[in-house]
Amino acid sequence: MSNAAAFSGGYVANLGPSEEGFLMPAVDNEGGFFWEGTLAGELRIQACNSCGKLRHPPRPMCPSCRSTSRGWKRVEGKGTIWSFVVPHPPLLEPYSSLAPYNVIVVALDEHPTIRFVGNLVSGPEGELNEIDPNSIRIGEPVEVVFKRFRRTDGSQEALPFWVRA
C-alpha cells in the first residue's frame, strides 16, 4: 500500500512495470486525477478548497488548514532545477544499462515549495541518458513534457519528464 492509500484507507492498483521494465506508479484514489491528467498532457496539482494552497503529493488533508475539502488545479508545468543526482550501477534493470543518467528535482514556478523528481530529456520521446549530466545547472529553467509507456497489462501511463525551457 502506498503512503497515500494508507492515509486515505483507499485501494492501490499496482498494475506492474512498463513493457520495457521501467517502474510505473501505483495508482490510488488520491492520486488518480493526477495520473489522468498526465495522460491528457496536463500537470495537475491537488488544491485545498478551503484555503487554496496547492500540495503535492496528493493527500486527504491540507497541511495548512487541515481541511479535507480538496480539488485539483492545472498548472503550467514550468520550473527550475532545484537539485540533481547522477545514479551509477548497481541499479535495477533496465536502469543499469542506461547509467549514468540524470535525476532532477524541479521546483514549480507557480509554487516553489512543490517539487517534482524526474529526468531532464530533449523531448517527450527522449531517453534517460541522452543529456550529459555535466551540462545540468541548478536554477536552469525547465518545463514539463509527458512520455507514454505501456504497462505489461496493456494499460497506458504517461509520466512527467522535463525539458530545457
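A few comments on the model shown:
- Taken over the range 90-125, the residue count meeting the criterion of being closer than 16 Å to PHE22 by Cα, in contact with a Phe, Trp or Tyr (Cβ under 7 Å, 6 or more places away or on another chain) and small (Gly, Ala, Ser) is 1.
- All positions within the range 68-94 that are farther than 26 Å from CYS51 by Cα, open to solvent by 80 Å² or more (accessible area, probe 1.4 Å) and in contact with a strand residue (DSSP E or B) (Cβ under 6 Å, 6 or more places away or on another chain): TRP82, VAL85
- Filtered residues of the range 104-125 (kept if out of contact with any Lys or Arg (no Cβ under 8 Å at 6 or more places or on another chain), buried (at least 16 other Cβ atoms within 10 Å of the Cβ) and closer than 19 Å to LYS147 by Cβ): ILE104, PHE116, GLY118, ASN119
- Which numbered condition SER18 fails, given (1) under 13 Å from the mean Cα position of the chain (by Cα); (2) surrounded by 16 or more Cβ atoms within 10 Å (Cβ to Cβ); (3) closer than 12 Å to ARG150 by Cα: (1)
- Number of positions in the range 130-157 that are at pLDDT below 95 and surrounded by 17 or more Cβ atoms within 10 Å (Cβ to Cβ): 1
- Considering the range 107-144, the residues that are in a strand (DSSP E or B) and in contact with an Asp or Glu (Cβ under 9 Å, 6 or more places away or on another chain) include one that is farthest from ALA26 (Cα to Cα), namely PRO141.
- Filter pass, SER97 being part of a loop (DSSP other than H, G, I, E, B), among the hydroxyl-bearing types (Ser, Thr, Tyr) and either under 27 Å from ASN29 (Cα atoms) or open to solvent by 70 Å² or more (accessible area, probe 1.4 Å) (or both): no
- Failed criterion for GLY41 (all others in (1) modelled with pLDDT of 95 or more; (2) buried (at least 19 other Cβ atoms within 10 Å of the Cβ) hold): (2)
- Note on the range 126-145: residues that are of a type outside the set (A, V, I, L, M) and under 14 Å from SER18 (Cβ atoms) total 1.
The values are calculated or read from the model by the stated rules, or taken from the named source; none is laboratory data. Owing to the predicted nature of the structure, the values given are computational and were not obtained by experimental measurement. In this analysis, Cβ positions are derived from the backbone assuming ideal geometry, glycine residues included, and neighbour counts consider all displayed protein chains. Ligands, DNA and RNA are stripped out before the accessible areas are found, and what is left, the full protein with its side chains, is counted by its heavy atoms. Shrake-Rupley method; radii C 1.70, N 1.55, O 1.52, S 1.80 Å.
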